[in-house]
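Let me begin by presenting the structure, written as structure tokens, before commenting on it.
Read-outs throughout are calculated quantities, based only on the coordinates presented, and are distinct from any laboratory measurement. All figures in this text were calculated on a predicted structure; none of them were measured in a lab. All Cβ positions, glycine included, derive from the backbone under ideal geometry; neighbour counts span all protein chains shown.
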Amino acid sequence: MSLESLKNALPDYARDLKLNLSSLATDAGLDDKSRALVFVASALASRQGQVRDAVLGEFATVLTAEEMQAAKIANAIMGMNNIYYRFTHLVSAQDYATLPAKLRMNAMAKPGVEKIPFELMSIAVSAINGCGMCMDSHEKVLRQHGVEAVAIQTAVRIAATLHAVAATLDAENGDQAQAIAA
């Protein structure tokens, strides 16, 4: 599969998503490697098979096995952290924020890619998972490392588009299943 096959799977009403996929695939806001990593991590975070398979197929020859593993690490660790830190941020009781997380995050120390691409993947996955506390933390680290707003925005635009593509395909697949059952 590829991004082209993913665009072809989208219904006509999702034309904007098709256009966004095309423009983001070559967006100059990120270098080629970072763009590919953010696409892969975001596709994994989308939890949608067609999106995952198409994006992995598109970038399989661009990324090394170690880089693919780093995208999986970003998805796995952020999947855990986003839930935990969103909880500590959203509950009224303040004592949770002072308690140690006691969650293993060793993979973040050596994820297999440089700090900036890993942070870009982390902010993208955090955006998909809706953790404001994590997004704020990763955005701050990226800015401290000299990453410009346009690069961060590009990573989040990729995440937003892939999330919308996943939701659209799930809705369409659900509609088709209902039509077959009727």
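The one condition from (1) under 20 Å from the mean Cα position of the chain (by Cα); (2) touching a residue at least 60 places away in the same chain (Cβ under 8 Å); (3) assigned to a helix (DSSP H, G or I) that Val113 does not meet is (3).
Does the range 131-154 contain any residue that is loosely packed, with under 15 Cβ neighbours inside 10 Å, among the hydrophobic types (A, V, I, L, M, F, W, C) and over 16 Å from the mean Cα position of the chain (by Cα)? Looking for residues that are loosely packed, with under 15 Cβ neighbours inside 10 Å, among the hydrophobic types (A, V, I, L, M, F, W, C) and over 16 Å from the mean Cα position of the chain (by Cα), one finds at least one in the range 131-154, hence yes.
Would you call Ala76 in contact (Cβ under 8 Å) with a residue 12 or more places away in the chain and over 17 Å from the mean Cα position of the chain (by Cα)? In short, no.
Quick check on my filter: what residues within the range 23-54 are of a type in the set (A, V, I, L, M) and within 8 Å of the chain's Cα centre (by Cα)? Don't jump to the end; show me each part of the working.
At the first step, the residues of the range 23-54 found to be of a type in the set (A, V, I, L, M) are 24-25, 28, 30, 36-38, 40-41, 43-45, 51, 54.
Val38, Val40, Ala41, Ala43, Leu44, Ala45, listed by residue number.
From Ala25, Ala70, Ala36, grab the single residue that is in contact with a Pro (Cβ under 6 Å, 6 or more places away or on another chain) and at negative phi.
It is Ala70.
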